[in-house]
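Structure first, then comments.
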Number of protein chains: 2
Amino acid sequence: MSTIQLSSEHVCYGGVQQFFKHDSRETRGAMKFSVYLPPQSRTARVPVLYYLAGLTCTEETFAIKAHAQQLAAELGLMLVSPDTSPREPRVPGDADSWDFGQGAGFYVDATQAPWSANYRMYSYVTRELPELVSANLPALAHAAGIFGHSMGGHGALMCALRNPARYRSVSAFAPIAAPQHCPWGQKAFSGYLGEDRQAWREYDAAECVLRAPFPRPILIDQGTADQYLAEQLLVERFSAAAAKSGQQLNLRMQPGYDHGYYFIQTFMADHLRHHAALLR
Amino acid sequence: MSTIQLSSEHVCYGGVQQFFKHDSRETRGAMKFSVYLPPQSRTARVPVLYYLAGLTCTEETFAIKAHAQQLAAELGLMLVSPDTSPREPRVPGDADSWDFGQGAGFYVDATQAPWSANYRMYSYVTRELPELVSANLPALAHAAGIFGHSMGGHGALMCALRNPARYRSVSAFAPIAAPQHCPWGQKAFSGYLGEDRQAWREYDAAECVLRAPFPRPILIDQGTADQYLAEQLLVERFSAAAAKSGQQLNLRMQPGYDHGYYFIQTFMADHLRHHAALLR
C-alpha cells in the first residue's frame with residue numbers, strides 16, 4: 001500500500017478540503033484526488049461519497065465547482081473525487097484529443113497498447129482508491145456511495161452496477177448512459193479496449209442495468225437543454241433498460257438546464273440527501 | 001450608452017447565470033461582467049449586489065467559486081461581478097506582474113501614463129457598470145450593495161465609503177484594508193497614481209473610514225490562517241480607524257481559515273443576509 005501525501009488543505013464549513021497525491025499501484029504513476037472531511041469526522045468515522053468527474057476535468061473540479069461542501073458538512077459525508085485519468089508517465093498521443101487520453105480515462109481498464117500499462121481507472125476507482133481512503137482517512141466501513149457527471153456519470157453507474165456489494169448508493173448528473181452507442185464512448189472504448197465488443201458491454205451502464213439491477217433506487221438528473229443529450233448521453237437507453245430489468249430509477253428531466261456545473265450545483269443537495277439516506 | 005451583449009447563460013437554481021461583454025466608455029475597450037438573475041427577477045425588479053474580485057481573478061471567479069447563487073435565489077438578490085481590470089487594448093507591460101496591470105486594476109482611476117487611458121476601474125465600477133445594469137437588467141433603483149475579496153475587499157470598502165448615497169450596504173472578505181501601507185497597495189498606487197500621496201489616501205479604505213464612516217454597519221470576515229494577513233491586509237488598521245470615527249464594524253476573525261474561496265464560500269450566506277437585510 002503506497003502512502004498518500006497531503007498537497008494542500010483549506011478549512012471549509014468547519015471541515016477541511018484536502019488535496020492528496022500518491023504513487024498508484026494501478027496506474028503506475030502519481031495520481032491525485034481531493035477529499036472533503038466534514039466536521040463530524042474529527043470524532044467519528046463517516047460515510048464516503050465518491051464523485052467521478054467528466055471529460056477534461058481533474059481532482060479539483062468537483063471541489064471548486066459543485067458546491068457540495070456546505071451540505072456535506074451538515075450531513076456528515078466525506079467527499080472523495082479522483083482525477084479523471086493518469087497524468088504520468090506520459091503516453092505518446094495522450095494529449096492529442098480532449099476526449100481521449102489525459103482527462104478522459106473513461107473509468108475502464110485499458111487492454112490495448114500503449115494505454116493498458118497505465119489507463120486502469122476502473123481498478124483504480126473501485127479498488128485502489130477505496131483501499132487508500134479506508135487505510136488513511138476516517139471512513140466508515142461498508143458505507144460508500146458513488147456519483148458523477150457525464151463521463152463520470154457513466155463511471156458511477158457502471159461501477160455501482162458491477163459492484164453492488166461495494167456501493168450502497170449511486171446517482172448521476174447527465175451521464176453518458178449508453179457509451180457503446182455514442183461517439184464519445186465508441187472512441188474511448190475502441191482506443192482503450194479495441195474491437196472486443198464483449199468488453200465494451202461490460203463497461204456500458206445500460207447493458208449493466210439490463211443484466212442486473214442495483215438493489216436500491218438510482219437517481220439521475222438530466223437537463224433538457226443539455227447540448228449533448230441527443231447524441232452522446234442517450235439517457236433514454238438507460239431508462240428503457242432499467243424498466244426492462246425492474247431497476248428502480250428516479251430520472252428527472254430538468255427543464256432548461258444545460259450540461260455544466262450551474263446545472264449540477266442546483267441539484268447537488270438532492271443527490272447528497274439521496275446518498276445520505278442510503279448510507280445511514 | 002453602449003449596449004451589452006450576452007456571451008453565455010446557464011439556468012441555475014431556477015434563475016440564470018449570465019456573462020456579458022460590452023464596449024466600455026471608461027476603459028475604452030471591451031469589458032466583461034457576470035450577472036446572476038434570481039427567479040424573482042422574472043416578475044419584479046430586485047436589489048443588486050456587486051462583487052469585486054481579487055488579484056488575478058476575472059468576471060468568472062465569483063460565479064464559479066463563491067457559491068452565492070443558491071441563497072441569492074432564495075433572497076431574490078441580483079449578483080453582478082465585473083472583471084478585475086481592462087484586458088484590451090493591451091498596454092505595454094500589462095502582463096509582466098500578477099499583482100499589477102491585467103487582473104490587478106485595484107479599482108482606481110489611474111493618472112499615470114500609460115495606464116491612465118484605460119485603467120479607470122473606479123469610475124467603471126461606481127458609475128458605468130451601475131448605469132449599464134440599471135438600463136439593461138431588472139434592477140431595483142436605489143437598492144445596491146457592494147462586497148468583495150482581498151483587492152476587491154479594498155475596492156468594495158473604498159467605493160462604499162466614498163459613495164454612501166450610491167451603496168446601501170457593504171461587506172468584505174479578507175480585504176486589503178489599508179493599501180497605502182502594504183506592498184501590494186504601494187506597488188499599485190505608485191504605478192497607477194504616481195507619487196501623489198493625497199491620491200493614495202483617497203483610495204485607502206482605512207483613511208476613508210476615518211474621514212467619514214459609512215451610515216450602516218460594515219461586515220468583514222478575516223481568516224486567522226490567511227497567509228497575507230500580517231503583511232498585506234492590515235485589517236487592524238481599518239478596525240482602529242473605524243473605532244476612532246465611530247464606524248459600526250462587525251469584524252469577525254475566523255479561526256483556521258485561509259485566504260481562498262473555501263473560506264469565502266463558508267461565510268457567503270452571512271454576507272448575503274447582511275446585504276439583503278439592508279437592501280430590503
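What follows is calculated from the coordinates using simple rules that are stated; it is not laboratory data. Bear in mind that the values here come from a model prediction, so they are computed numbers and not experimental data. Cβ atoms come from the backbone with ideal geometry, glycine included; neighbour counts cover every protein chain shown.
Compute the separation of the alpha-carbon centres of segment B:261-280 and segment B:212-245 and state it in Å as a whole number.
17 Å
Would you tally the net charge around B:Q5, using a Cβ to Cβ cut-off of less than 12 Å, leaving B:Q5 out, and scoring K and R as +1, D and E as -1? Write down the numbers at each step before the final one.
Numbers: positive: B:K21, B:K32; negative: B:E9, B:D23.
Around B:Q5, the surrounding residues sum to 0.
Determine, at each q value in 0.07, 0.09 (inverse angstroms), the log₁₀ of I(q)/I(0) that the Debye formula gives when each Cα of the protein assembly as shown is one equal point scatterer.
-0.44, -0.71
Assume the label is 7 Å from Cα along Cα to beta carbon: what separations in nm does A:A165 have to the matching positions in the other copies?
7.6
Mind checking which of B:S41, B:Q112, B:H10 is farthest towards the positive end of segment B:1-157's charge dipole, using Cβ charges of +1 (Lys, Arg) and -1 (Asp, Glu) about the Cα centre?
Going by the charge dipole, the pick is B:S41.
Stokes-Einstein D for chain B at 10 °C, 1.306 mPa s, Kirkwood Rh over Cα pairs, in µm²/s? It would help to have the intermediate numbers written out before the result.
Values: Rh = 18.4 Å.
The Stokes-Einstein estimate is 86 µm²/s.
What percentages make up the Cα-Cα pair-distance distribution of segment A:120-160 when the bins are 10 Å wide from 0?
Bins of 10 Å from zero give 27, 54, 19 percent of pairs.
For chain B, what is the calculated [θ] at 222 nm in deg cm²/dmol (nearest 500), taking -39500 (n - 2.57) for each run of four or more DSSP H residues and dividing by its residue count?
Values: 9 runs with 86 residues, N = 280.
Rounded to the nearest 500, the figure is -9000 deg cm²/dmol.
Would you mind ranking B:T126, B:T3, B:T111 by Cβ crowding within 10 Å, fewest neighbours first? Provide the component values of the computation, followed by the final result.
Working: B:T126 22, B:T3 10, B:T111 14.
With the sparsest Cβ surroundings first, the list reads B:T3, B:T111, B:T126.
A:E207: net charge of surrounding residues, Cβ under 15 Å, Lys/Arg +1, Asp/Glu -1, itself excluded? Present the calculation step by step, with values, prior to reporting the outcome.
Details: positive: A:R162, A:R197, A:R201, A:R211, A:R237, A:K244; negative: A:D196, A:E202, A:D204, A:E236.
Cβ neighbours under 15 Å give a net charge of +2.
Given the alpha-carbon gyration tensor of segment B:38-125, what are the semi-axes of its equivalent ellipsoid in whole angstrom, ordered largest first, with each equal to the square root of 5 times an eigenvalue? Kindly include the intermediate steps, with their values, before the conclusion.
Numbers: eigenvalues 189, 38, 15 Å².
Computed over segment B:38-125, the values are 31, 14, 9 Å.
Post the alpha-carbon centroid distance, segment A:138-169 to segment B:60-137, in whole angstrom.
Spelled out, the Cα-based centre of one part sits 42 Å from the other.
List the residue from chain B whose beta-carbon is nearest to the axis that rotates chain B onto chain A, together with that distance in whole Å.
Closest to the rotation axis on chain B: B:H67, 2.
Once the label point is placed 7 Å from Cα along Cβ, list for B:P114 the distances to the corresponding points in the other copies, in nm, shortest first.
The answer, with the shortest distance listed first, is 4.4 nm.
Assuming 0.36 nm per residue, please report the length gained on full extension of the stretch B:A212 to B:S97 beyond their Cα-Cα distance. Working shown, then result.
Numbers: separation 115, 0.36 × 115 = 41.40 nm, distance 3.38 nm.
That pair, B:A212 and B:S97, stretches by 38.0 nm at full extension.
If neighbour count is taken as other Cβ atoms inside 10 Å, put A:V16, B:V125, A:V170 in order from fewest to most.
Numbers: A:V16 19, B:V125 26, A:V170 29.
Ordered by Cβ neighbours within 10 Å, fewest first: A:V16, B:V125, A:V170.
Working out 0.36 nm times the residue gap between B:S8 and B:D23, then minus their Cα-Cα distance, what length gain in nm do you get to one decimal?
Working: separation 15, 0.36 × 15 = 5.40 nm, distance 1.68 nm.
Working it through step by step, the gained length comes to 3.7 nm.
Kindly state, as a whole number, the per residue volume in cubic angstrom of the convex hull around the alpha carbon atoms of segment B:202-273. Don't skip to the answer; put the middle values down first.
Numbers: hull volume 6.9 nm³, N = 72.
Spread over its residues, the Cα hull of segment B:202-273 gives 97 Å³ apiece.
When DSSP assigns beta bridges and you keep just the ones with both residues in chain B, what percent turn out antiparallel, to the nearest 5? Before the final figure, lay out each step's value.
Working: 22 of 45 bridges.
In chain B, DSSP labels about 50 percent of beta bridges as antiparallel.
Work out how far the C-alpha atoms of segment A:116-269 reach from end to end along every principal axis, then list the three figures in whole Å, largest first.
Taking max minus min along each principal axis of the Cα atoms, segment A:116-269 gives 42, 40, 30 Å.
Based on the Cβ-Cβ distance of B:K244 and A:T111, what FRET efficiency does E = 1/(1 + (r/R0)^6) give at R0 = 60 Å, to the nearest 0.05? Please list the in-between numbers first.
Working: r = 73 Å, r/R0 = 1.21.
So the FRET efficiency works out to roughly 0.25.
Quick check on the exposure proxy: order B:F173, B:F263 from fewest to most C-beta atoms within 10 angstrom. Working shown, then result.
On the way: B:F173 32, B:F263 25.
Least to most surrounded, the residues fall as B:F263, B:F173.
Can you give the net charge of the other residues whose Cβ lies under 13 Å from the Cβ of A:H259, counting K and R as +1 and D and E as -1? The partial results should precede the final answer.
Working: positive: A:K65; negative: A:D221, A:D226, A:E231, A:D258.
The answer is -3.
Just to confirm the numbers: B:H181, label point 7 angstrom along the Cα-Cβ line, distances to the other copies in nm, shortest first?
6.8
Based on DSSP, what percent of beta bridges with both residues in the protein assembly as shown are antiparallel, to the nearest 5?
On the way: 45 of 91 bridges.
Roughly 50 percent of the DSSP beta bridges within the protein assembly as shown come out antiparallel.
Which whole-Hz couplings ³J(HN,Hα) result when phi for each residue of segment A:54-63 is put into the Karplus expression 6.51 cos²θ - 1.76 cosθ + 1.60, θ = phi - 60°, listed in order with x for Gly and Pro?
x, 3, 6, 7, 10, 5, 8, 4, 4, 4
Using the basic label-point model (7 angstrom from Cα toward the beta carbon), what is the A:N136 to B:R273 distance in nanometres?
3.7 nm
Within 10 Å of each Cβ in peptide B:256-266, how many partner chain Cβ atoms are there on average? Round it to a whole number, please.
Values: counts 5, 4, 5, 1, 5, 5, 12, 4, 1, 7, 9.
For this peptide, the per-residue mean of nearby foreign Cβ atoms is 5.
Quick check on my link table: of A:K32/B:K32; B:K65/B:K187; A:K32/B:K21; B:K21/B:K65, which ones sit more than 25 Å apart, alpha carbon to alpha carbon? Spell out each step's value before the answer.
Numbers: A:K32/B:K32 34 Å; B:K65/B:K187 27 Å; A:K32/B:K21 36 Å; B:K21/B:K65 20 Å.
With Cα atoms farther than 25 Å apart: A:K32/B:K32; B:K65/B:K187; A:K32/B:K21.
Ranked highest first by average number of other Cβ atoms within 10 Å, how do A:73-82, B:180-189 line up?
Result, highest mean Cβ count within 10 Å first: A:73-82, B:180-189.
List every DSSP H helix in chain A whose Cα atoms extend 20 Å or more along the helix's own long axis and whose mean Kyte-Doolittle hydropathy is at least -1.0. Intermediate values should be presented prior to the final figure.
Working: long enough: A:261-279 (26 Å, 0.23).
Going by DSSP H runs, the hits are A:261-279.
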